[in-house]
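Below: one structure, written as structure tokens.
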Amino acid sequence: MEKHSDCKHFISVDCAKGLCAWTNQMVVIDTPPCPRFEALPKCKICSNYHPDKDNMGTCTGLPDKSFWAYDEMIARNCPGFKANA
Amino acid sequence: MTTNLDKSKKQKLADILAEKGIGMSFQYGGKAPEEVVEREFTDLKPHPRVEKLYDLYLNTLSSTCMEFPYWYNRTYAEYEYEIPVYRRAKALSVAFERTTPVIIPGELLVFCKAPFYRGSFPMPQLSEAFFMAKEDELFKESLDRGGSSAGELSSIGAGGGNVTKSFGKVVSIAGKFGIRSEEVPALCRIARQWYKKSVDDLGNRWERKVPSYKLKEKIMRTMICMFDSGYTLPQGREVMSYYYPLEYGFDKLLEMCKELRDEVAGNADGDGIIGMDRLYFYESCIVLMEGIQKWIENYAAEALRLKEYTDDPQLKADYDKIHDCCSWIAHGQPRTFYEAIQMIQCMHTIVLNEDALSGMSPGRIGQVLYPWFEQDMAAGRITEDEVLELLELQRVKFTCFDVFASFGVVGGVLSGNTFNNLAVGGVNRFGESAANRLEYLIIHAGMTQPCPQPTLSILWDERTPEDFVLKCAECTKIGTGYPAWFSNRMGIEFIWNHYQKEGMTLDEARSYAIGGCLETAPAVWKTIHLNGKEYEIPAGASQPAAVGVHFISNPKILEMVLFNGYDQRTDIQVFEPHNKKLETFEELWEVYKDYYSQTIDTLCRCNNIQHDIWRKNNMCIIQSMFKPDCLERGHHIGNMGYRWNGTYNIESCGTINMVNAFAAIDKLVYREKKYTLDDIRDAISNNFGFYKADEINSFSLAEQVRKEGGEKYDKIHSDCLNAPKYGNDDPEADKFLVMWEKWFTRVAAPSYESLFGLPLYTCQNSVSTHASQGRACLATADGRLYGTTFADGSMSAYPGTDRNGPYALFKSATTWDQSWSQNSQMNMKIHPLAIKGENGTKHLAELIKSYLRRGAHHIQFNVCDSKVMRKAQENPDQYRDLLVRVAGFTQYWVEIGKPVQDEVIARTEYESI
């Protein structure tokens, strides 16, 4: 299920909450996002990421060819990120 | 009829003594009024944007995540076969480049350690043992967590921003940091990667080769010593150098490094051991600086991105300002005050991300930033009010810094503090006062925006202008515990004494500042060129000024002497039994020195190995790029690239309880022969008939509760409590302080050598260890009871025992030459009424000066009505922003442990001065 910290409009404050960039209002991470939700680049939506178990998987998108990664990793600055089609 | 409550009340020590007509007063110079008295200057407010950000901070949880560690470890693995320094540089560079920038609306100063407002992250490459030990527990908890955190946020107010327990999908680590449960498996995986490879593990493998290693283990288990510094906090307690990027900018620095790399490539230049290493160091600087530039540019891009969300013209202007500033300072020398202070924020954050470190101190930044301040003011580019706003923002931003370490380090030593010490005053190279207008504003910002960081220190000198002294005294009166007051003369004397062997001149000694709590740290003068004008600024130029042997419990060593090297608490024979009868005080003192020397020798050798592993496998590159003279020499810290390298020390704890215990034994056993040493031993073993502090969950002496039948120790306990006490200008107590300090500072410490082949010095501030180590120590012969907190620092009186007023306390404290120690520490608690109004400010300033003029090193104050602290202990949620001075630092009341809270409450409150 998507959560606020999966949204690209979310400004992270701490491990439980953040601000919505549109409203500057505090939102709790583990609550359903609003209709303006747009996915933030994370490993879990990358085509180079192959999920396994325990929120972890394998990344094959960087020069080291293959390395473990995890679902929730923010990939905004990752050169190997390719959003799932 | 007597109720149970009455009975238990009568069993408290304070009441028992009162019944016997023995006063145990925690007030001096009068009696505080019944009603609570507020501090002065509470009506001062920060600028609105600062107030808003600070409110956010107060409601922000200390958070951690795996982003930076992930990229560091992935790249580190990719470069497995590279030369260690380059491999580490590459890993850091990629981690910076890929870390997500976070800008909070309203901020003007940006950069975060981790993608949170108040974030930090684990560094298992230093020590993974903590996570490994907790792995099953954390892992299981993370998988079990399915709830939502929405409704539970309000339940974690107690403890301030500390995530003291797990909730929703947030898992608590070390009782302080919150991590998303989804990321725990990644944390455990990285921790496993470092098993048997971390600095901690490798250091331990090699320190076992020290013949006395088994003694070290016993010393640590019994809490005679508190912690290892080689893998816990290997850097810090030192002063930053912001010089190179401020003078050259990153593009020019890169160019310089490339030229130097080309010069040294393949040349040993007469140094057959490490001459060739210079090539790898310069190349490492280059790759790391490129990563840092991208990290700064990511913040510029983030500002532009956020600008698109808002129609608010002020916010749009803020984002433009941040974008333009970051775009510029990623490459060039700062041109304005705003760019310069932003550069400082940037550099400080970078340094904190390289290693687990506390006490990374900005130093004399009022003097570092002065060139930009002076020129912007003259050109009308900025107003003092705008400067004040930036300084307030800087305070909030620094307060957001967290250091990620294990529970023992964060709770037991640091009390969650990060000790970023900002110093004002002092003198310039020529011995003239260095205080300036910008420093006046820095102090004022400390009043308008009170918060723990950066903590402030004034280097008071006879030449410091009186209006500046009074401004600092006003700031002291707001009750945040800063500025701490240091004697500039004593600081310079210590620095010059110690670093002359490395070629330091008196001029250079004058550039020093305070690193961490009270760690006097050396620096150098460097020249800034700005628009054709030259300015000399101080720049930190030393190794961490407090690493080495930390912290030795002085009263615990005495306990070992009395009990033939045996620890009753843990049932461990720590030292070889001395089997001496201890028939004279001199014999007791000889055994004490012997046990102490064994302790230092073992810990010093083991710590040297840990730090050696650190410098070989986890060397510091970022600070090495910034601090003189690494770039000039082509060597990082591990190869002694810094100008000053003799910074290792021995830290002690509980000095005054040890002094008072010596005085009691000397009087009662050896001079008056009222008791035998066995009588004293029996009383100590039975805690003078009282419960242990842990059993009643109270850690101040007066609150201790007597057991039924404990009356039989009343007489000996009263005699011990009434024996001479330090802090009363009583030579019968003070002579033991002089005896101790002469040996500790002049004989013991200098006879040991750091891994850099340079002698050690003493450091005498307790941080929070006086609570933890007090808990591990039986009763002491001064009448202190088992588990109660020691006197803080090294010069503070034990609570309630300084009965003759502040000037008697000052006389006791200055019976020895304090310039032989890196510091000493004096905490006083003054009731706000005692220094009220303009006259009160002047009296306070004169009190401070009279102490420092006598040859003291340091003094600081809690200006607070003790009743406020008691109320805060009962209702922590209502006192989220109450600040107190602990040992050498200011901290939120709600973020410190009960043993320290009890000690701060119990300190003698001066009702008049």
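The values are calculated or read from the model by the stated rules, or taken from the named source; none is laboratory data. These numbers come from a predicted model, not from an experiment. Don't worry about glycine lacking a Cβ; one is built from the backbone with ideal geometry, like all the others, and counts go over all protein chains shown.
The set of residues in the range B:726-760 being charged (D, E, K, R) and assigned to a helix (DSSP H, G or I) consists of B:Glu732, B:Asp734, B:Lys735, B:Glu741, B:Lys742, B:Arg746. Consider the range B:26-50 and keep the residues that are of a type outside the set (S, T, N, Q), surrounded by fewer than 15 Cβ atoms within 10 Å (Cβ to Cβ) and touching a residue at least 40 places away in the same chain (Cβ under 8 Å). The one that is nearest to B:Arg803 (Cα to Cα) is B:Gly30. In summary, strands (runs of 3 or more DSSP E) completely within the range B:472-583 and bearing 1 or more residues that are touching a Phe, Trp or Tyr at 6+ places or on another chain (Cβ under 6 Å) and closer than 26 Å to B:Arg221 by Cα occur at B:547-553. Can you tell me which residue in the range A:7-34 is farthest from the other protein chains (Cβ to nearest Cβ), limited to those that are assigned to a strand (DSSP E or B) and surrounded by 19 or more Cβ atoms within 10 Å (Cβ to Cβ)? Within the range A:7-34, the match that is farthest from the other protein chains (Cβ to nearest Cβ) is A:Cys7.
Under the condition of being over 14 Å from B:Phe626 (Cβ atoms), in contact (Cβ under 8 Å) with a residue 60 or more places away in the chain and assigned to a helix (DSSP H, G or I), the residues counted in the range B:330-344 number 4.
Report whether or not B:Lys31 is touching a helix residue (DSSP H, G or I) at 6+ places or on another chain (Cβ under 7 Å) and more than 14 Å from every other protein chain (Cβ to nearest Cβ). Considered against the rule, which asks whether it is touching a helix residue (DSSP H, G or I) at 6+ places or on another chain (Cβ under 7 Å) and more than 14 Å from every other protein chain (Cβ to nearest Cβ), B:Lys31 comes out as no. In the range A:46-60, the residues that are assigned by TED's automatic domain parsing to the domain that holds A:Gly80 form Cβ pairs under 6 Å with partners that are at pLDDT below 95 and part of a loop (DSSP other than H, G, I, E, B), at six or more places apart or across chains, as follows: A:Ser47/A:Asn84.
Being among the small types (Gly, Ala, Ser) and surrounded by fewer than 23 Cβ atoms within 10 Å (Cβ to Cβ) is the filter; apply it to the range B:92-133 and report the residue that is nearest to the chain's Cα centre (by Cα). My answer is B:Ala129.
Checked against (1) under 16 Å from B:Asp881 (Cβ atoms); (2) in contact with a Cys (Cβ under 7 Å, 6 or more places away or on another chain), B:Ser63 meets all criteria but (1). Looking only at the range A:62-78, residues that are buried (at least 19 other Cβ atoms within 10 Å of the Cβ) and touching a strand residue (DSSP E or B) at 6+ places or on another chain (Cβ under 7 Å) come to 7 in all. Restricting the first member to the range B:422-441 and to residues that are at positive phi, and the second to residues that are surrounded by 16 or more Cβ atoms within 10 Å (Cβ to Cβ), the beta-carbon pairs closer than 6 Å and six or more apart or on different chains are B:Gly425/B:Ala435; B:Gly425/B:Ile458; B:Gly425/B:Leu459; B:Gly425/B:Thr464; B:Gly426/B:Ala434; B:Gly426/B:Leu459; B:Gly426/B:Asn488.
Conditions (1) surrounded by fewer than 17 Cβ atoms within 10 Å (Cβ to Cβ); (2) at pLDDT 95 or above; (3) within 30 Å of A:Ser12 (Cβ to Cβ), marked per residue:
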| site | (1), (2), (3) |
| --- | --- |
| B:Lys252 | yes, yes, no |
| B:Cys257 | no, yes, no |
| B:Leu260 | no, yes, no |
| B:Val264 | no, yes, no |
| B:Ala268 | yes, yes, no |
| B:Ile273 | yes, yes, no |
| B:Phe281 | no, yes, no |
| B:Cys285 | no, yes, no |
| B:Leu288 | no, yes, yes |
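Within this structure, B:Thr676 fails the test of being touching a residue at least 40 places away in the same chain (Cβ under 8 Å) and of a type in the set (Val, Ile, Thr).
Considering the conditions (1) in a helix (DSSP H, G or I); (2) out of contact with any helix residue (DSSP H, G or I) (no Cβ under 9 Å at 6 or more places or on another chain), B:Lys673 is excluded by exactly one of them, (1).
Residue-wise test of (1) surrounded by fewer than 14 Cβ atoms within 10 Å (Cβ to Cβ); (2) under 25 Å from A:Arg76 (Cβ atoms); (3) within 14 Å of chain A (Cβ to nearest Cβ); (4) at pLDDT 95 or above.
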{"site": "B:Gly291", "(1), (2), (3), (4)": "no, yes, yes, yes"}
{"site": "B:Glu302", "(1), (2), (3), (4)": "no, yes, yes, yes"}
{"site": "B:Leu306", "(1), (2), (3), (4)": "no, yes, yes, yes"}
{"site": "B:Gln314", "(1), (2), (3), (4)": "yes, no, yes, yes"}
{"site": "B:Asp318", "(1), (2), (3), (4)": "no, yes, yes, yes"}
{"site": "B:Lys321", "(1), (2), (3), (4)": "no, yes, no, yes"}
{"site": "B:Asp324", "(1), (2), (3), (4)": "no, yes, no, yes"}
{"site": "B:Ser327", "(1), (2), (3), (4)": "no, yes, no, yes"}
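Residues considered: B:Gly147, B:Gly157, B:Gly161, B:Gly175. Of these, the only one that is surrounded by fewer than 17 Cβ atoms within 10 Å (Cβ to Cβ), at the interface with chain A (Cβ under 9 Å from one of its Cβ atoms) and either over 29 Å from A:Asn77 (Cα atoms) or modelled with pLDDT under 90 (or both) is B:Gly147.
Per-residue answers, yes or no, for (1) within 22 Å of B:Leu202 (Cβ to Cβ); (2) of a type in the set (D, E, K, R); (3) in contact with a Cys (Cβ under 9 Å, 6 or more places away or on another chain):
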position	(1), (2), (3)
B:Glu587	no, yes, no
B:Thr599	no, no, yes
B:Cys606	yes, no, no
B:Ile621	yes, no, yes
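Taken over the range B:43-64, the residue count meeting the criterion of being in a loop (DSSP other than H, G, I, E, B) and facing chain A (nearest Cβ under 7 Å) is 2.
The set of residues from the range B:116-132 being in a loop (DSSP other than H, G, I, E, B), hydrophobic (A, V, I, L, M, F, W, C) and more than 11 Å from chain A (Cβ to nearest Cβ) comprises B:Phe121, B:Met123, B:Leu126. Being closer than 25 Å to B:Phe121 by Cα, touching a Cys at 6+ places or on another chain (Cβ under 7 Å) and buried (at least 17 other Cβ atoms within 10 Å of the Cβ) is a property that holds for A:Phe81. Condition check for B:Tyr86 on (1) among the hydroxyl-bearing types (Ser, Thr, Tyr); (2) within 14 Å of chain A (Cβ to nearest Cβ); (3) touching a helix residue (DSSP H, G or I) at 6+ places or on another chain (Cβ under 7 Å): one failure, at (2).
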